[in-house]
Amino acid sequence: TVCLPTVTSTLTYDTLRFVEFEDFPETSEPVWILGKEYNALTEKDEILSDVTSRLWFTYRKNFPPIGGTGPTSDTGWGCMLRCGQMILGEALVCRHLGRDWRWAKGQKQREEYISLLNAFIDKKDSYYSIHQIAQMGVGEGKPIGQWYGPNTVAQVLKKLAVFDTWSKVVVHVAMDNTVVIEEIKRLCMPWLDAAGAYGESEGVGELNGCLEGACAMAEEETALWRPLVLLIPLRLGLSDINDAYIDTLKQCFMLPQSLGVIGGKPNSAHYFIGYVGEELIYLDPHTTQPAVEPSEDSQVPDETYHCQHPPCRMHICELDPSIAAGFFCRTEDEFDDWCMRIRRASLWTLPMFELVDSQPSHMVSVDTLNLTPDFSDSDRLERFFDSEDEEFEILSL
């Protein structure tokens, strides 16, 4: 890897200032960051500004004990949980601030940005805090302090998003390497069920057509389409990533709906936000920083939530094959556009997952299992929430 070696897990924020990070490469290869294309020779400042504007969640120490008596730091075990925060944080930035929003040190913070950061602050009552993720994971068979796989953190984020009445996003986890269009449209447009079964009547079809695209209009959008965070857990090989999927994986970062990929190496998670040449660009959570408290005027000391050095890079072949890819579709039009792009890409690259109009008969929807908050029916759920990712269907040629 081009970035720091594995000793990064022992770094603290204080030692970071003495570490030399390799500058971004001088190359004519295009640089892709979450759906945006850059020229490394002429747009280096723009690249670094884009990277710095992403929310960077790392290990923290000295936060209130998880569960009242649990750990006060997630160093050594929370890296995948932090990556889950980063991929969801990127979705909420797109939701509330827009993909083109940029962070600048010392600038006056927008209210939406403050609310967004507060949703991730390390305390028990924040929507997506390390406390909430760790405690929700207990219901998925992962004791507090145990390492997560990408599938587990995706399932936990799906459960937590239900309680986020501010963002009102739908987090959908597509299982069995299959994205079902009908299922997603039902989740994001619940009024369809009130009007009748999806696609059943001509009237509903016309209504749907008239409303298409209208949800881009300010606050009325969630009445027509609840913004979608689509997470797709995948296994792209046995012990190493199958070379046949490399071009397809790169395509993920080129889509305008891209939220990036969470994954990494065994027991060492990273948040991948783009690529250049054969190298993946990522944010690394393996830095321990002090926990942050909002100030009295509700402003959040936010400099440690943005990575202000050149991003890390690693060769794509070093990636562990167990990943979760993420996409954000603010409107129905954006989802339809995503479907079109995925189908077009599948004509010339090997698909990592299947996109189907309706649910195949052999699949059982997680949503039909009538999940209870305490996940007491653990045997039934094991198929869907196995955090070691042993239940992934291995994609083959």
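Brief remarks follow.
- Separation of the Glu278 and Cys317 label points, Cα + 7 Å toward Cβ, nm: 0.5 nm
- Residues of segment 271-351: accessible area per residue with a 1.4 Å probe, Å²: 35 Å²
- Label-to-label distance, nm, for residues given as Arg102 and Asp247 (7 Å Cα→Cβ offset): 3.4 nm
- The eigenvalues of the Cα gyration tensor, multiplied by 5 and square-rooted, give segment 215-323 an equivalent ellipsoid with semi-axes of 29, 23, 13 Å from largest to smallest.
- Note on Ile181 and Lys168: the extension gain reaches 2.7 nm, defined as 0.36 nm multiplied by sequence separation minus the Cα-Cα distance.
- Carbon + sulfur, % of accessible area of segment 122-179 - ligands and nucleic acids excluded, 1.4 Å: 57 percent
- Radius of gyration, Dmax [segment 76-174; alpha carbons; angstrom]: 13.7, 42
- Gain on full extension, evaluated as 0.36 nm per residue between Leu350 and Glu46 minus their Cα-Cα distance, stands at 106.3 nm.
- Förster radius 41 Å - calculated FRET efficiency between Asn267 and Gln308, Cβ distance, rounded to 0.05: 0.95
- Mean separation of Cα contacts under 8 Å, 6 or more apart, over the residue count of segment 88-198: relative contact order %: 15 percent
- Just the protein heavy atoms count here, and of the accessible area of segment 20-86 at 1.4 Å, carbon and sulfur take up 46 percent.
- Computed over neighbours whose Cβ is under 11 Å from that of Asp74, the net charge equals +2, Lys and Arg +1, Asp and Glu -1.
- Per residue accessible area in Å² of segment 32-118, where ligands, DNA and RNA are left out and the probe is 1.4 Å: 37 Å²
- For Ser322, the residues whose modelled amide H falls within less than 5 Å of its own, excluding neighbours fewer than 5 places apart on the same chain, are Leu236.
The values are calculated or read from the model by the stated rules, or taken from the named source; none is laboratory data. This is a predicted model, so every value here is computed, not measured. Note that we place each Cβ from the backbone using ideal geometry, even for glycine, and neighbour counts take in every protein chain shown. Keep in mind that these areas ignore ligands, DNA and RNA; they rest on the heavy atoms of the full protein, side chains included. Shrake-Rupley method; radii C 1.70, N 1.55, O 1.52, S 1.80 Å.
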